Number of protein chains: 2
Amino acid sequence: MPTRSTETRGPLGLSPSSRVSVAPLPRGSVRFAEDGFFGAWQALNSTTTIPHCIQQLEAAGTIDNFRRLVGESEAAFRGPLFADSDLYKVLEAVAWEIGRTGTSAYDAFADSMIDLIARAQADDGYINTWVQGGMSDQRLTALRWSHELYCLGHLVQAGIAFARATGRRDLLETAIRFVELVDRELGEGGRNDIDGHPEIETALVELWRVTGERRFLTLAERFLNERGHRTVGEDHLGYEYFQDHQPIREVTEATGHAVRQLYLATGAADLVIEQDDDELESALWRIWGSVHHQKMYVTGGLGSRHRDESFGDPYELPNDRAYSETCAAIANFMWNWRLLLRTGESRFADEMERGIYNAIAASTSISGTEFFYANPLQLREGHRSEENAPAERRSWYNCACCPPNLARLVASIDAYAATGDATGTQLHLYGGGTIAVGDATATVRTEYPWNGRVVITLDRPLETELRLRVPSWSTRLTVVVDGAEAHPAIERGYLVLPAGGVTSRIELGFDDEIVTEHPHPHIDASRGTVAIRRGPVVYCLEQADLPDDVRVQDVYLAESATFSPAPPQKGLDSPSILVRGALVRDSSRQPLYSSSPRHPVGQPERELETVGLVPYFRWGNRRQAAMRVWIPTW
Amino acid sequence: MPTRSTETRGPLGLSPSSRVSVAPLPRGSVRFAEDGFFGAWQALNSTTTIPHCIQQLEAAGTIDNFRRLVGESEAAFRGPLFADSDLYKVLEAVAWEIGRTGTSAYDAFADSMIDLIARAQADDGYINTWVQGGMSDQRLTALRWSHELYCLGHLVQAGIAFARATGRRDLLETAIRFVELVDRELGEGGRNDIDGHPEIETALVELWRVTGERRFLTLAERFLNERGHRTVGEDHLGYEYFQDHQPIREVTEATGHAVRQLYLATGAADLVIEQDDDELESALWRIWGSVHHQKMYVTGGLGSRHRDESFGDPYELPNDRAYSETCAAIANFMWNWRLLLRTGESRFADEMERGIYNAIAASTSISGTEFFYANPLQLREGHRSEENAPAERRSWYNCACCPPNLARLVASIDAYAATGDATGTQLHLYGGGTIAVGDATATVRTEYPWNGRVVITLDRPLETELRLRVPSWSTRLTVVVDGAEAHPAIERGYLVLPAGGVTSRIELGFDDEIVTEHPHPHIDASRGTVAIRRGPVVYCLEQADLPDDVRVQDVYLAESATFSPAPPQKGLDSPSILVRGALVRDSSRQPLYSSSPRHPVGQPERELETVGLVPYFRWGNRRQAAMRVWIPTW
């Protein structure tokens, strides 16, 4: 077993071959306090969301699908054909939660599920309840839609999570038995075939890291290289949907099903980390640019179309029709994490932050038990016609990929906050709590993301270098070290505090001014509007915060509008922003199209004294009504 | 047989019970000259499009589907399950074309097809090649998707067209035999069931008009009233898609599949005309308002979503993602025609005109042999990902509803141009040619829609009233009667020239200024842009008309931009508009989102000396590249 891999005890390990600029810290190096944003979210995840997921897995029949295979249930198969992955992701969440807090609350569930999965596994290692439950003649031969390797990928990740977080290896061994079967059938010398939904790739690289067995890395690379040759076969959704239209090394644009694209990119990044593959790495930079410079919502949401859950054309970013699947934002978070490790550049942490405080955080209700699948940036008055997913949170979905994905991410979010290298520690995500910085313990006190002040106290003088990310949105910065204003160097987006440079206290003041974001001129859907952001948090206008006689779609921001921080709006728990200078004009009687001489647009009819904007991630927690992130300017 | 019905000899008859303000004129009352817009289009339709359709019906297997039933083909069923309707619509086109010109060019085709259909018909009158070809156990029992009554509706319309246009009644009798079967099974006392795709309703009302048999009107009303009670059964597309979510009398908003909604509204309008049904008529005004005040593109295109081919939310009118199906614009034309007859109000003719010169005309290529199915108002550079239909014209479609629908409409467009009532004649659509005005023949000379000048000469003094539509887009108007400026009264949108008021010549000067159209403030997709219109024609900017180093998405219109009429752009046949004052700024290096202090939008980089805009209906006739109707203003 390689020594570095188990040391991380978190969602990404390293192998002796890993080439990274910065490395994950051993799990537990960062602990978020429960009164901070991340700590409170992790607590809610632990006390509410994970138990809710477990309950829903039972109610949805996901667990019965396994029980049936061992004669403990008579129920018919329920859920989509990839339902197994929901259980695996919840198990992964449980493992990370055990690793985070040492809780034994889930032990009985974990014991029984891990045992059940092992018993449901066929003698040759195969496990997939949809196929075993009645489609056995299709075993590993209908991979375009079967999701067998997708589910296996999640099983591997759950097994690894238990191994890393708790030392328990039985689930991992179950997973490995299936991987070995897959390797015999589809590995070198076997059939050329790939899964219609990428995911196995990143899991196999992690399996290499956790086991040190190179055959798993080889298999991951094989699956990656086989992709793009139209192996999945003809389908009305086309090859782009399956990420099989072009070898990834030749790809120049993010296309097709957004989650598939982003999981594939994640696996590719893992391979780049392990094998220094220049050609593949170049492709990743192209895809990254396509995503982040042309196809991403300001919330970090990804996937412009419900149809095929896909990226659209460059700059095709409709706010009302945004799909912006929760899982796509999570996948992007995981991909950017790998690129951050690879390069040590803050722009990847910036994108992780954008996603986590906006598209990802929006997915979960204040209660922790309801979830968005799609995350639109606008809900129109009179909205009635859904496409793939509703514009409201639901307690569960038939296709329940998102809630368990949230659970596993939130349970491990601390593991993404900081990294280390030979010279010290790098802090990427700010949140109240403690961080191991060499032998020192740093205590972080901050109301981040609600303002830009971060105070870090050390229990002993800094003996290794400490790097602190300067968020890209912070245009001004103050640094006070041990009481004196300081001007440390900034490298790759990080303040560099050298070993010996701090005795006990660092005070950061990021620019937390409330600003207007302007869309790129090619984003037609948002022309003539601005979004309001403070720090990493994007705000929105909800009907609930307007007078009864004013409708969201009739509100404009005057050029002279001013913004100020404010307490939470009624019914919410997070700070809001008060706007002075919001103008109203009722356009309900205006014709649909007017040639100018006849129908002047007119003047605003009134100015609202103040109107509250709420964090986008808290929208839809009151009655579901009109909402918009991008607000027209007058 | 009622006397009035056959007199029209065109696409809409009247019965003794019809209550209309103005009535269709007998076919032949209007004849368009071939050097005018409509006349040239009808000539192209006759020489090229109809023969092309016939050839494609053969190539696509649509005709073989019938032949197989009588042992004359071994081919498997081809096309969608409603393929029969393609043949019926082409037959209808042929009939109107015979009625228009007296051509015998299609006689052999018509003979053999009418004979083939009759032979394929079952003894009890049933005819549907998909069901007869292998799904006989589903006869009239799987109507949600079977389209059996939809196809029958088109068969009835084709039969009526032959009866009216040529006096030939054999196809109509074939159709009636099936209607009688349907009446026995689904009519009064029979099962309650409806077709998933409205169309039969309007056909049955026409059948009442042409035969005088009230049972057909009763059956139409029955189908209309049964709809809206979730009769079609549960489907993943939902009840709105099938127009079965709510009784039409209660409907307040246009929803669901656009063509289904509009054909249903057309049938409802027919029933209102026949039965003076206030409740139903009120519902139609609500739906009409929803369509025309909230859910219509400036081109007259309808249906904002590829997904489910549906209307979206109010003001959800994305230009790039517009579905705007050709058939929806045609259905809206037919619906507005009925409302025009009912009310005599010009606003309905305005909408017919908007559609015919823009969304409908766009569908056909200059060659007459290629057709858009979807009619987006924007094509992005780098577009690659289609949804339901491509952003380019194709010579045929597997689901080939649109080309035959165009063929039947264009072959009969003259029948929609004018109406009559007890006091005289009303002219709605202007085009060079002749019109019977009482006993007089009026000759119309005009370059309409390219400019606003229309000269009407009479071969004898006006003995009955003549009403001339003033298009809603014409804000100024000059009228010269017999050489002297005149100021006739305007009623319901029409200039009223009384009997005896004109000796020989009327000169109309409509306001043909080039104007900018502004979108309603709730149309987020078009905020900050204008569309350029002259008369009824909407223009667009195509990549082909820009310098090589300027891209469509980087062009803006200055506030001071001026517009002038110009000859056709290279490769096209229709006048263009020259813009002076188009500004260019390359935004390709600008970040996707910018907070203002850091990334000012900057100033335009250059002004184009001139740039040509081409009629929207001619876009995509050169190489397929970026296009936009709504152009951002600087």
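Here are a few things to note about the model shown:
- Our note on the geometry: Cα centres of region A:556-634 and region A:402-481, 35 Å apart.
- A straight Cα-to-Cα reach below 12 Å connects A:Lys570 with the aspartates and glutamates A:Glu542, A:Asp545, residues fewer than 8 places away in its own chain not being considered.
- Charge tally in the Cβ shell below 15 Å around B:Ala76, where Lys, Arg are +1 and Asp, Glu are -1, B:Ala76 excluded: 0
- The packing ranking, built from the mean of other Cβ atoms within 10 Å per residue, places the peptides B:182-191, B:524-533, A:340-349 in the order B:524-533, A:340-349, B:182-191, highest first.
- Counting only DSSP H runs of at least 4 residues, each contributing -39500 (n - 2.57), and dividing by the residue count of chain B, the helix-based mean residue ellipticity at 222 nm comes to -10500 deg cm²/dmol.
- Charge tally around A:Arg347: other residues with Cβ under 11 Å, Lys/Arg +1 each, Asp/Glu -1 each, net -1.
- Pairwise centroid distance, computed over Cα atoms, of region A:146-185 with region A:345-382, Å: 29 Å
- Over region B:558-634, the reciprocal of the mean inverse Cα-Cα separation, the Kirkwood hydrodynamic radius, stands at 14.6 Å.
- Peptide B:586-592 shows a mean partner chain C-beta count of 5 within 10 Å per residue C-beta.
- Electrostatic bookkeeping for A:His245 treats Lys and Arg as +1 and Asp and Glu as -1; over the other residues with beta carbon under 11 Å from its beta carbon, the sum is -1.
- Antiparallel bridges, percent of DSSP beta bridges restricted to chain B (to nearest 5): 95 percent
- Counting DSSP beta bridges with both ends in region A:419-510, the antiparallel % (nearest 5): 90 percent
- Whether the protein assembly as shown is rounded, prolate or oblate, judged on the alpha carbon gyration tensor where a/c under 1.5 counts as rounded: prolate
- Working from Cα pairs under 8 Å separated by at least six residues, relative contact order for region B:439-586 is 19 percent.
- Averaging 1/r across all pairs of distinct Cα atoms in chain A and inverting the result yields a Kirkwood radius of 25.3 Å.
- Highest average packing first - B:604-610, A:252-258, Cβ atoms within 10 Å: A:252-258, B:604-610
- Distance between region B:241-274 and region B:322-340 - C-alpha centres, whole angstrom: 13 Å
- Look at the Cα gyration tensor of region B:234-362: its axes a ≥ b ≥ c give a/c of at least 1.5 with a/b at or below b/c, and that counts as oblate.
- Seen through its C-alpha gyration tensor, with square-root eigenvalues sorted a ≥ b ≥ c, region A:142-256 comes out prolate because a/c lies at 1.5 or above while a/b is bigger than b/c.
Read-outs throughout are calculated quantities, based only on the coordinates presented, and are distinct from any laboratory measurement. From a predicted model like this one, the values you see are computed outputs, not experimental measurements. Don't worry about glycine lacking a Cβ; one is built from the backbone with ideal geometry, like all the others, and counts go over all protein chains shown.
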